[in-house]
Amino acid sequence: MNLVSSDGAEQQAAFYRTFFEGHNDLYDFEYLWIRGNQMSGIVIGGNIRCFMKLAGTSYFPDPSNKILFLESLSGRANKIVSLFAQLQQVKYFDKCAGLILGSFTELESYNEFSIVEAYVKEISRIPIVKTSEIGHGSNSKCIIIGENITL
């Protein structure tokens, strides 16, 4: 979808460089540390609302020593905080090696990300980074679920 969107030309160039020239244009993303300065592990997660549909099923991944990546297109602070609260209640953050917060499109459009950030810092003690380069934006980059990464 992003190859034909408003940022299509740039995405097509990054796609070409990544898959035909061996560069990491689609996978290298910028981030800011919210807590900590290092994390390493296999990436799990995705869209937070979809991810939480797996809770209580055999498909909900074991978070032990994994890096949890979460993002969302929709949801204001109350909705997103409730999803993070559910993760905290099942002690998910107690086992994770780190947390990558991608773009939270609607939340950020209402300038409510700071509410979620403060809540996540309160309920967890793990390293946390924030990136605006992975999510539902037309200029989004990729993160490979199941791959080991070090930040």
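Tabulated data
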| read-out | value |
| --- | --- |
| Efficiency of FRET from Cβ geometry, residue 10 and residue 55, R₀ 41 Å, rounded to 0.05 | 0.70 |
| Carbon plus sulfur fraction of accessible area for the stretch 14-151, probe 1.4 Å, in percent | 50 percent |
| Gyration tensor (alpha-carbon) shape descriptor, the stretch 43-151, a/c threshold 1.5 | rounded |
| Ranked order, 50, 96 - accessible area, probe 1.4 Å, largest first | 50, 96 |
| Per-residue ³J(HN,Hα) for the stretch 61-75, Karplus 6.51 cos²θ - 1.76 cosθ + 1.60, θ = phi - 60°, Hz, x for Gly and Pro | x, 5, x, 4, 6, 9, 9, 8, 9, 9, 8, 7, 7, 10, x |
| Residue order for 143, 42 - accessible surface, 1.4 angstrom probe, largest first | 42, 143 |
| Sparsely packed chymotrypsin sites (Phe, Trp or Tyr not before Pro) within the stretch 47-143, loop by DSSP, other Cβ within 10 Å at most 13 | 59, 110 |
| Å² of accessible area per residue within the stretch 45-138, as computed with a 1.4 Å probe and no ligands counted | 46 Å² |
| Nearby lysines by direct alpha-carbon distance to residue 66 (threshold 16 angstrom, same-chain neighbours under 8 apart not counted) | 91, 95 |
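The values are calculated or read from the model by the stated rules, or taken from the named source; none is laboratory data. Predicted model, so just to flag it, every value in this text is computed and none were measured. Ideal geometry is used to build each Cβ from the backbone, glycine not excepted, and the neighbour counts take in all protein chains shown. Each accessible area value is taken on the protein alone, full model and side chains, heavy atoms only, with ligands, DNA and RNA left out. Shrake-Rupley method; radii C 1.70, N 1.55, O 1.52, S 1.80 Å.
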